[in-house]
Amino acid sequence: MKPQILIHPWKIIQDQWDPLQQRMAESLFAIGNGRMGQRANHEEDYSGETLQGSYIAGLYYPDKTKVGWWKNGYPDYFAKVLNSSNFIGIHVRIDGELLDLATAKVVSEFRRELDMQHGLLTRTFTATLSNGIQVEVIATRLLSIVSDDMAAVAYQLRTDQDAQVEIEPYVDANVINEDANWESTFWEPLSQRTDKEHAVVQSKTKRLNFHLAVAMQCQLSCDAEGQSGDKAGCPSWTYTYQSTANKAVILHKYVAVLSSLNAPIDDLSQLASTQAIAAAKQGFDAIKKAHQAAWMGKWATADIVIEGDDSAQQAIRFNIFHLLQTFTGVDPRLNIGPKGFTGEKYGGSTYWDTEAYCLPFYLASSDISVAKNLLNYRFNHLPQAIANAEKLGFKKGAALYPMVTMNGEECHNEWEITFEEVHRNGAIAYAIYNYIRHSQDWHHLTEGGLDVLTGIARFWAQRVSWSKAKKSYVMLGVTGPNEYENNVNNNYYTNFMAQWSLNYAAECWSWVESHEPDAYDRLRKDLLCDGDELTIWKSVASKMYFPYDKTLGIYLQQDGFLDKVIEPASALDPKDRPINQNWSWDRILRSCYIKQADTLQGMFFFEDKTSLDSLKKHFDYYEPLTVHESSLSPCVHTVLACRLNYREQAMSLYEKTARLDLDDSNNEVHEGLHVTAMGGTWMSLVYGFGGMKILNDGLQFDPQLPEGWTRLTFPLNWRGALLTVSIDRDGVTIDNQKGNRVACHVHGRAFDLAAGQSIHQQHPAS
């Protein structure tokens, strides 16, 4: 069943109540502010199918690994994203009957609306209870991006007849995780306090002892009797009043959420209380106004405008919205989880997705410090990456970054990913390269970048084996990005990224030697790196083996790929799709079907190293075998299809990536959204239809508008300048809004733009 979402350029709208859609809607309408986030659970009680989820960035639970414990190097734990205290909860009773949309006789006039432009979640409905009373509710919620420890709820209630009403706002630390073994709990409530219209509860996680304090301050717009509730772990305040028919009453609930990551444990409760009280004094309208203004500021440098297609417009803003609210870049300890703040699946906060798919978005749409914090995150974890490699037998500072991590330690629980999917090292090296070419911040090399590149190069140099038969270095027992192939030899993408990383690390050492000799001497001593080691790296790179078929004229995905029965994905029975939900893992591994871009991934990263003819051969061979059952797949293929001028296919693939969650294409939205893949959607537009390339150390644009679109406009931070690129049916216009002078090529013609200047270039005749 597809989500029932209306098309709107700035909003996600659900205009009818369907309990079968509830879990999907909780994901789609989730909100966050970089520090915390929350699924779109109801404020009032809901006894139907739901996934209650409030998540605090950086807090996790190390669930002990029980499978594979006997394999040396296997992770000690699998990190669980923590569902934390429920801070929006409000019990509502009308003449003693609990308001619950799952048990109401009739639910009508239901509307749920996510205003992406202003970061607001609103829900309205009318419910007829079994006692015959009609209740109308308008609930508005925000998680402030001005003060990222604060949330606020405005809950308006109206009954169609006089009735006794009890409204009980609460904060509940007695939460569970859906992703928990044996229904175990991860939190232990420690202390709580309730005063008039105020409550605070502090709890800690088991094992790691993260502490969290959640405080609320409430205000009701009418006179009411009040009573505290002291249920263990769940303090509350109950308002009781006699409602007047058709007269609205509003509860304002102000919440402060503070963790031990950002404040002393002994002060948490008091600080949270102080902040909640201060928020109440500020008032909901003032908080909302400041929050809306801040969101408008974010959109000023991040919005992509599509004219002529409201569905595509809604989709790209939905993707950008979740990227903006998931990671703000203010804390280098934080990163971007695959589900963001929308669900618990996958665990861990960081995958290679960040470097490969998300970093380009932040490079282009945010202050450069945001992207740099993503790189610093990896530099800060270099000791753990070295320790991780040591567990596997690597030496001399070789670094293997984890596939999944919270704190730099590997915390994934699948053997073939933990040990074999080593290509993640290549994406981290590529991120440094990508950051420098965007920013020209070469000093990053001496501020940690070269340390990371050296550790990665040492890993690759030791991970290869010399094959006497092939007279080349080979890479055995790996899994590439295509996880439908496990434990293969000579995965093309892995070998390619290893070769490039070795060469790039050597080049960066040469640059530092030439441009920053003092830093060069320091780094040589600190990292114990000399010319002999660089020679080894270059030698390994020059002799890397790549499986190749002369008849087809293509690189093979890995050794033995042509031993499989090769049939296009179009030959599959529709009842078998997606195959990961209908086939055994054994059958998938024996098939030719590709989960996501693999061989093509390297060609996507390095367009300058692949001719258009070669790209066409590889795309035409591999894309028909690709089932795109990874959220990371359609975006790469969209960009490549644009390069090849496969316009219809590019548009079809774009719709798949852009509306992946809005249309629930992979039947997974009830578990949360594919947040890291949303960076890929941005690339589909900017690198694909926008035709942006970075070639010969400069910007190039060769755009193409999809049929039906009349204009595509996007901002671009580039080397200290803020550009606006606008593409219509006539041509391309680029405005240098502010900052440095920019040289670029548009349809092959060279331009030079100073701040305040613009150029226009017509499209070539087709």
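None of the figures in this text is laboratory data; all of them are computed from the coordinates on show. A quick note: this is a predicted structure, and the numbers were derived from the prediction, not measured. Cβ atoms come from the backbone with ideal geometry, glycine included; neighbour counts cover every protein chain shown.
For this structure, a couple of remarks:
- Other residues whose C-beta falls under 12 angstrom from the C-beta of GLY297 contribute a net charge of -1, scoring Lys and Arg +1 and Asp and Glu -1.
- Placing +1 on the Cβ of every Lys and Arg and -1 on the Cβ of every Asp and Glu, with no other charges, gives region 426-470 a dipole of roughly 460 debye about its Cα centre.
- All other residues whose Cβ lies under 11 angstrom from that of ASN373 are scored, Lys and Arg at +1 and Asp and Glu at -1, for a net of +1.
- Bridging of LYS196 to lysines at a Cα separation below 23 Å is possible for LYS231, LYS253, LYS281, once same-chain residues fewer than 8 apart are set aside.
- Think of the chain as a dipole: +1 on every Lys or Arg Cβ, -1 on every Asp or Glu Cβ, centred on the Cα centre; then among PRO481, ALA300, TYR433, TYR433 lies furthest on the positive end.
- For ILE594, nonlocal amide neighbours, meaning residues 5 or more places apart or on other chains whose placed amide H falls under 5 Å from its own, are THR626, VAL627.
- Compactness of region 620-766 - radius of gyration and Dmax, Cα, Å: 16.5, 49
- Of all DSSP-defined beta bridges confined to the chain, some 95% are antiparallel rather than parallel.
- Degrees, to the nearest 10: 368-380 long Cα axis against longest axis of the chain: 80
- Taking the convex hull of Cα positions in region 11-282, its mean projected area over all directions (nm²): 15.4
- Normalised by residue number, the volume inside the convex hull of the Cα atoms of the chain is 168 Å³ per residue.
- Computed over the chain: relative contact order in percent, which uses C-alpha pairs under 8 Å that are six or more apart: 11
- Anchor LYS617: aspartates and glutamates whose Cα lies under 15 Å away (excluding residues fewer than 8 positions away in-chain): ASP549, ASP598, GLU607
- Each other residue within a Cβ distance under 12 Å of GLY337 adds +1 if Lys or Arg and -1 if Asp or Glu, for a net charge of +1.
- Three principal axis lengths of region 260-399 [C-alpha, angstrom, descending]: 59, 53, 30
- Per residue convex hull volume, Cα atoms of region 349-435, in Å³: 86
- Of the peptides 212-222, 373-383, 463-473, 299-309, the ranking by mean beta-carbon count within 10 Å, highest at the top, reads 212-222, 373-383, 299-309, 463-473.
- Taken about its Cα centre, the chain carries a charge dipole of roughly 1620 debye when the Cβ of each Lys and Arg holds +1 and the Cβ of each Asp and Glu holds -1.
- Axis of helix 531-542 versus longest Cα principal axis of the chain: the two differ by about 90°, to the nearest ten degrees.
- For region 316-355, the normalised intensity computed at q = 0.16, 0.29, 0.31, 0.35 Å⁻¹ comes to -0.39, -1.14, -1.21, -1.26 (log10 of I(q)/I(0), Debye sum over alpha carbons, equal scatterers, no solvent).
- Prolate/oblate/rounded call for region 69-116, Cα gyration tensor, a/c under 1.5 rounded: prolate
- Fraction of alpha-carbon pairs over 24 Å apart in region 415-560 - percent: 36
- 3J(HN,Hα) couplings calculated from phi for region 700-713 with the Karplus curve 6.51 cos²θ - 1.76 cosθ + 1.60 (θ = phi - 60°) are, in sequence order, 9, 10, 9, x, 8, 7, x, 4, x, 7, 9, 7, 10, 10 Hz; Gly and Pro show x.
- Crossing angle, helix 284-300 versus the chain [Cα axis fit, 0-90 degrees, rounded to tens]: 20
- Here's how it looks for ARG711: its modeled amide H is under 5 Å from those of GLU307, which are all 5 or more places away or on a different chain.
- Three-way shape label, region 186-320, alpha-carbon gyration tensor, a/c 1.5: oblate
- Legend: distances between Cα atoms for LYS396/LYS525; LYS391/LYS471; LYS71/LYS391; LYS396/LYS470; LYS71/LYS396; LYS80/LYS204; pairs beyond 18 Å are LYS391/LYS471; LYS396/LYS470; LYS71/LYS396.
- Taking each DSSP H run with n ≥ 4 as -39500 (n - 2.57) and averaging over every residue of the chain yields -9000 deg cm²/dmol at 222 nm.
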